[in-house]
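Participant: Once you've had a glance at the structure underneath, I'll fire off some questions.
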Amino acid sequence: MVSYKNERQLVTMPTGYDAVFKLRCSDGLEVKNYLNSGSILDDGITSSPAIELPCVYPNTCFAVELGYKIGGIPYDLDQYGRRVEKIDPMAYFQSALLYTDSFGRRRVRVTTLGLRTSKSVSSIFNACDFGVLTTLLTRQAMNKLLQDGIEGALLHHARNDILNSCVKTMFNYRKYAGGGASSRFNNCPTPISTGRTPWNIPESLKFLPLFCLSLRKSKMFCASMSRDSLQSTTKPSPSADERAYRLFHGSSNNPTTSMLCVHPTLVRIDNMHPSSGEILHPTIDYGNNQYHHQSVYGNVEHDEACLKSSLCPYVHMPNPIPPTVASLTDDGIFILDDGFSIYLFIGKDVNEEARKDLLNVDYDTSLLSTSSEMYNTSQQQKCNSISISTSSDLGRKVMNIIFQSRVYSSMTDSTMQRPTVAPIVVVIGRGGYEHRGELDVMLENEMIDNLVEDSSTKDKSYADFWMAIEQRIKNFS
């Protein structure tokens, strides 16, 4: 079913073929590199090369590294041709995408953007787009893996680059933007186990350390076990196929999904708010008819039509909790979304009535040829096929939450932002009712590996990672 949805999404979404993308900048700026975007076409004459792609989709993202030219960005000129130094100069960018549509017509899409520059370092940090920053960090680390060299050494360098990028960003903010104790920014997610508040960072970067730790622990960049430590019966984690699969999607990630693909979302659904999981239909609140007295485009009917078209139904999602082992209690029911799979975890102490309301269990006594090979169990045992029931109120809400997570946008938007249609994986806690033996043990271990804020054999916990960053910043000072 999931494979069918993936294939339907690829076939039905709007697609452009034989695409060529080019970006040019105003004076003082130049294009340095395209990060994991396609084949670079450089004619050696112009300063902005183009890239060629076999196909593009609505969620295709181009990552571009820019650089300054000698002399910097020139100041704007007034009507007399004199420099206006009181106003920060503008920087302009223009992109052109040439492609062939599904009807064989050659089309070009041109976009122009003008941005005001600033001399204030703190303003640059505060205006940083976190999604764009995380996308660039991911693709820069992937560029390190694509270089020629020893595989293990490249992975080690890529992991170090992720950590160094985080440390340098925090250090430069603290040094040049006044990010000391007197700063008004004091909102970073603090590891409770440290018992202290970290130094202040801006709102736009408060999740950067957490992202960098999650990226290092992801299957794209997590450390591999050495050949000497592997036994003949040890399964590599991650396997070469798993790492290649994540790297493939990581090379084309976009600012919308860059955080989701490395940091999972964990929610508890057995004690969530009554409105969580319900489909909500937003309406226009005219508020004593005040809406009709304001118009953006000068046309009230046009404004109202645009507003109504944006009011799409959506599912009220439950509040997320920290993805740690301590959050997974034995008496709770949880949904863990790691960007590629959606795990439904039922604790071992959940009462039988709640299980029956949520799950449909089908017994299959047929012989499974793969059970003895994969899970080392007898082929004579019973195998349970578990699915989510939609006849109960809880099951209906859970399916609504999963549907909203899969779409990752409004429910009426046919374009999915996620890399794939995430399959639903039901996990029964060890010792719980209808536990399926080694299958559930394997799935539970796989799910626990995604809890990136805990310490593991692959990297530190979030609290220890914070302490390592602080120590490195002291070494810079």
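The values are calculated or read from the model by the stated rules, or taken from the named source; none is laboratory data. For clarity, every value in this text was computed on a predicted model and none was experimentally measured. With ideal geometry, Cβ positions are generated from the backbone for all residues, glycine too; neighbour counts draw on all protein chains shown. When the accessible area is computed, the model is the full protein with side chains, heavy atoms only, and any ligands, DNA or RNA have been set aside. Shrake-Rupley method; radii C 1.70, N 1.55, O 1.52, S 1.80 Å.
Participant: Would you check the accessible area of M399, probe 1.4 Å, heavy atoms only, in square angstrom rounded to 10?
Facilitator: M399 exposes around 60 Å² with every protein chain in place.
Participant: For a quick protection proxy, order the peptides 154-160, 87-93 by their average other-Cβ count within 10 Å, most packed first.
Facilitator: Ranking the peptides 154-160, 87-93 by packing returns 154-160, 87-93.
Participant: Also, quick follow-up: Tabulate in residue order the Karplus-calculated ³J(HN,Hα) for the stretch 438-448, using 6.51 cos²θ - 1.76 cosθ + 1.60 with θ = phi - 60°, rounded to whole Hz; enter x for Gly and Pro.
Facilitator: Computed from phi, the couplings for the stretch 438-448 are 5, 5, 5, 4, 5, 5, 5, 5, 5, 5, 5 Hz.
Participant: Step through the table entries K144/K168; K32/K474; K22/K168; K32/K219, compare each Cα-Cα distance with 23 Å, and write down the pairs that go over it.
Facilitator: Over 23 Å apart, Cα to Cα: K32/K474; K22/K168; K32/K219.
Participant: Could you tell me what percent of the accessible area of the stretch 29-111 is made up of carbon and sulfur, with a 1.4 Å probe and every protein chain present?
Facilitator: 53
Participant: Please list 3J(HN,Hα) in residue order for the stretch 73-90, calculated via the Karplus relation 6.51 cos²θ - 1.76 cosθ + 1.60 where θ = phi - 60°; whole Hz, with x for glycine and proline.
Facilitator: Ordered by residue, 3J(HN,Hα) equals 7, x, 6, 5, 10, 7, 5, 9, x, 9, 5, 9, 8, 6, 10, 4, x, 9 Hz.
Participant: Mind listing the long-range amide H neighbours of N360? Cut-off is under 5 Å, sequence gap 5 or more, other chains count too, H placed in the peptide plane at 1.01 Å from N.
Facilitator: S387, I388, S389
Participant: Which FRET efficiency, nearest 0.05, do D76 and S122 yield, Cβ-Cβ r, R0 35 Å?
Facilitator: Given R0 = 35 Å and the Cβ-Cβ separation, E is 0.95.
Participant: If you don't mind, there's one more thing I want to ask. Tell me, what is the FRET efficiency for V84 and M399 to the nearest 0.05, using R0 = 56 angstrom and their Cβ-Cβ distance as r?
Facilitator: So the FRET efficiency works out to roughly 0.45.
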